[in-house]
1. In debye to the nearest 20, how big a dipole does the chain give about its Cα centre with +1 on each Lys and Arg Cβ and -1 on each Asp and Glu Cβ?
2. Going by average Cβ density within 10 Å per residue, which order do the peptides 387-396, 15-24 take, highest to lowest?
3. Structure shown: which of Lys255/Lys394; Lys260/Lys322; Lys52/Lys320; Lys255/Lys377; Lys140/Lys200; Lys47/Lys238 lie over 27 Å apart, alpha-carbon to alpha-carbon?
4. If I histogram all Cα-Cα distances within segment 110-168 using bins 5 Å wide from 0, what percent of pairs lands in each bin?
5. Before I look further, what does the chain give for accessible area per residue, probe 1.4 Å, in whole square angstrom?
6. When the Kirkwood hydrodynamic radius is evaluated over all pairs of different C-alpha atoms of segment 87-187, what value in angstrom, to one decimal, is obtained?
7. Explain nothing, just the number: relative contact order of the chain, from Cα pairs under 8 Å at least 6 residues apart, as a whole percent.
8. Modelled label-to-label distance, Leu397 and Asp30, 7 Å Cα→beta-carbon offset: nm?
Amino acid sequence: MNLDFTPEEQAFRDEVRAFIAEQYPKHLGDTGLREDLPREDFLAWHKVLGAKGWSVPAWPTEYGGTGWTPTQRYIWSEENARVNALMPLPFGVSMVGPVIYTFGNDEQKAQHLPGIRDGSVWWCQGYSEPGAGSDLASLKTTAVRDGDHYVINGQKTWTTLAQYADWGFFLCRTDPDAEKPQQGISFILIDMKTPGVEVKPIKLLDGGYEVNETWLTDVRVPVENLVGVENQGWTYAKFLLAHERSGIAGVARSKRGVEKLREIAGSEQLDGEPLMSDFDFARKVSQLEIDLAALEITELRTLAGEQAGKGPGPESSILKIKGTEIQQRLTELTLEAVGSYGTPYYGSIANDTGSNEYQIGPDYASHSAATYFNMRKTSIYGGSNEIQRNIITKMILGL
């Protein structure tokens, strides 16, 4: 595999870098992956990209995609990660959008794809339920046909940023008597303003919330909101999760995170010397970089496969496992590097809560604890890493 950029690819990189420098909303600053922002901030860069035609680079050109090669998409991710840009949220762009243009009908494509591209419609995901997380096929939310509507009842949980959502995509049981639980599930789009939809916040340790409970009580949804064929939703759900897991790997952002970690370890002191001079700490950072380089090659192979017409398959589980493990190790090492300044929330979020007290320690320490704790979730969401190992064992190893 030749990892050197061609002159054309170098020119593309320069174009992308210049565009980001000129157009990325300055008020967002070094926002990155924070999820405690107002709706307007989340959508600011998305809307700029929508106007440029760059908001959905992985989509087919017939639905508004860029037609970029895998290398161009890789460069795009790298350049955004370089400035820690707040990218368009995945729920529309990377998750329900591909499901709609692959399995939806023409009316659904015309209704929903434009709003996903330009950032005017916010989507949320209704998959997990109490008692149905990794064992998603055991979900209990029901959708009962009543004339030209489904009547939906049930509860979803961990519905990320649903407090902002205009629409949601939900897995519902439409055939409770199916021979296998996976055979009786349908994929249904729900307007979040529909009567009977109630979003309740789940408060986090830092006092904010990004996840919710979503209650559905006698919610009447038009039958035309069913995607594809009734009772075939499990097929679409697996397709969506393969795309989601590929994106969870977050290679480009982890590379930027390692660079920042090295900067921090060069500033922090241990026994009068830079922390990066400590053999044990340097060894852990070096091992992290080696593992990240291996993951990057795996991601490039996956992108090349997609360019050749193959959708993300079981290899997306490899990306998900290793990507999330690296993210967790990275945030753990960052917290270790900032030392006592990383004491959870001790003066670290004063500015976020409106206090006029100065935070304790350097700026790079202010969110280190919050980020560390938040990233504990990555090995669970999108299908727990234990489940991903089962998929690899069956689909790749044939065991």
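1. Using only the charged Cβ atoms, the result is roughly 580 debye.
2. 387-396, 15-24
3. From the list (Lys255/Lys394; Lys260/Lys322; Lys52/Lys320; Lys255/Lys377; Lys140/Lys200; Lys47/Lys238), the Cα-Cα distance tops 27 Å for Lys255/Lys394; Lys52/Lys320; Lys47/Lys238.
4. 4, 16, 18, 19, 19, 17, 7, 0
5. For the chain, the per-residue accessible area is 48 Å².
6. It works out to 14.6 Å.
7. Result for the chain is 12 percent.
8. 4.1
The values are calculated or read from the model by the stated rules, or taken from the named source; none is laboratory data. Computed from a prediction, not measured in an experiment: that's the story for all the values here. Ideal geometry is used to build each Cβ from the backbone, glycine not excepted, and the neighbour counts take in all protein chains shown. Accessible surface is based on the protein model in full, side chains and every heavy atom, while ligands, DNA and RNA are left aside. Shrake-Rupley method; radii C 1.70, N 1.55, O 1.52, S 1.80 Å.
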